[in-house]
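Single-structure report; data block below.
The values are calculated or read from the model by the stated rules, or taken from the named source; none is laboratory data. Treat the numbers as computed from the prediction; the structure is a model and nothing was measured. Backbone-built Cβ (ideal geometry, glycine too); neighbour counts: all protein chains shown.
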Amino acid sequence: MSNKVVKSLKIDSLEVFVYPDRLEMGKASGKLIADRIKALLRQKERIRMVFAAAPSQEETLKFLRNDKEIDWSGITVFNMDEYIGLRNDHPASFGYFLSDRLFNHVHPGEVNLIDGINDPAKECERFSGLLAEKTIDIVLLGLGANGHVAFNEPLTADFNDPAVVKTIVLDEISRQQQVDENCFNDLDQVPKKAITITIPTIMSASCLYCMTPGANKQNAVKMVLEGTITNAVPGSILRRHPNCILFLDRESYGKVRQ
């Protein structure tokens, strides 16, 4: 672990590391993930990874993109969620984000993106089938400003969801976050529905790495680390995963009392 860590703690099974800023957080998370990828590729011919698409992931993705020792030809990749009604080539789509920041540069062996234009029910069925074929080795994710994981929103998130992928209605806080992070110009432009991987699908993965920098995530981080494990704060379920690391910077950790 990087010597730039300013604080480390463990909440239930969740390891937490705090860095001075998001750049150091991105370097540390990127190196740890890169090392895990290389180790897994020495053990098996192909691995499977799920990626969140958000500004919180930028520094980590940049590190992975620049690590020339990763053999991406042995990696099957998936995106975590997508807006219903947006094409993958729309600048605000999550498929576009990941392709632009990572996939188009490193050329994974197989790229699977949720199609926001396809019939949502058929797309959920198609993508669920792809994900369910084999174990997911690594998930890169973040926490939403309201504590969501992927687009599993407070109170409607189901920790025992039988679905692998499903359609959801976005919480207004989640939609406003997209505006605040300059993904859309105003709230009216942000789609109201999306397709998302469910919480049990995320929790079934072998390793989870959750990158959550920035002052706008302070409340979410505080709720996840200090409250009870509840679907009112979907991210709190990460405390039950046997191999999950939460990477923070000083700003996102700011309101935690520990």
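Out of all the residues in segment 239-255, is one or more among the hydrophobic types (A, V, I, L, M, F, W, C), closer than 29 Å to L113 by Cα and assigned to a helix (DSSP H, G or I)? No; the residues of segment 239-255 include none that is among the hydrophobic types (A, V, I, L, M, F, W, C), closer than 29 Å to L113 by Cα and assigned to a helix (DSSP H, G or I).
What's the number of the only condition in (1) modelled with pLDDT under 95; (2) touching a strand residue (DSSP E or B) at 6+ places or on another chain (Cβ under 7 Å) that P55 fails to meet? Single failed check for P55: (2). Output the residue which, of all residues in segment 220-234 that are over 16 Å from the mean Cα position of the chain (by Cα), in contact (Cβ under 8 Å) with a residue 40 or more places away in the chain and buried (at least 18 other Cβ atoms within 10 Å of the Cβ), is farthest from E15 (Cα to Cα). So, considering only residues that are over 16 Å from the mean Cα position of the chain (by Cα), in contact (Cβ under 8 Å) with a residue 40 or more places away in the chain and buried (at least 18 other Cβ atoms within 10 Å of the Cβ), the one farthest from E15 (Cα to Cα) is N231. If you scan segment 87-126, which residues turn out to be in contact with an Asp or Glu (Cβ under 8 Å, 6 or more places away or on another chain), touching a residue at least 40 places away in the same chain (Cβ under 8 Å) and assigned to a helix (DSSP H, G or I)? Correct list: F94, G95, R101, E123. Scan segment 237-257 and tell me whether some residue there is within 24 Å of P120 (Cα to Cα), touching a residue at least 24 places away in the same chain (Cβ under 8 Å) and among the polar types (S, T, N, Q). No, that holds for no residue. I237 falls short on exactly one of the conditions (1) among the hydrophobic types (A, V, I, L, M, F, W, C); (2) under 25 Å from F63 (Cβ atoms); (3) at pLDDT 95 or above, and that condition is (2). Checking each residue in segment 13-53 for being more than 20 Å from H107 (Cβ to Cβ), free of Cβ contacts under 8 Å to residues at least 60 places away in the same chain and touching a helix residue (DSSP H, G or I) at 6+ places or on another chain (Cβ under 8 Å) picks out L23, K27, K31. Scanning segment 188-200 for residues being over 20 Å from Q176 (Cα atoms), of a type outside the set (A, V, I, L, M) and surrounded by fewer than 24 Cβ atoms within 10 Å (Cβ to Cβ) gives a total of 1. R48 meets the conditions (1) over 18 Å from M211 (Cα atoms); (2) at pLDDT 95 or above; (3) basic (K, R); (4) more than 15 Å from the chain's Cα centre (by Cα) in every case but one. The failed one is (4).
When each of Y83, Y19 is tested for being under 30 Å from K255 (Cα atoms) and of a type in the set (F, W, Y), the lone residue that passes is Y19.
If you go through segment 18-63 and keep only what is in contact with a Leu (Cβ under 7 Å, 6 or more places away or on another chain) and of a type in the set (D, E, K, R), you end up with just E59.
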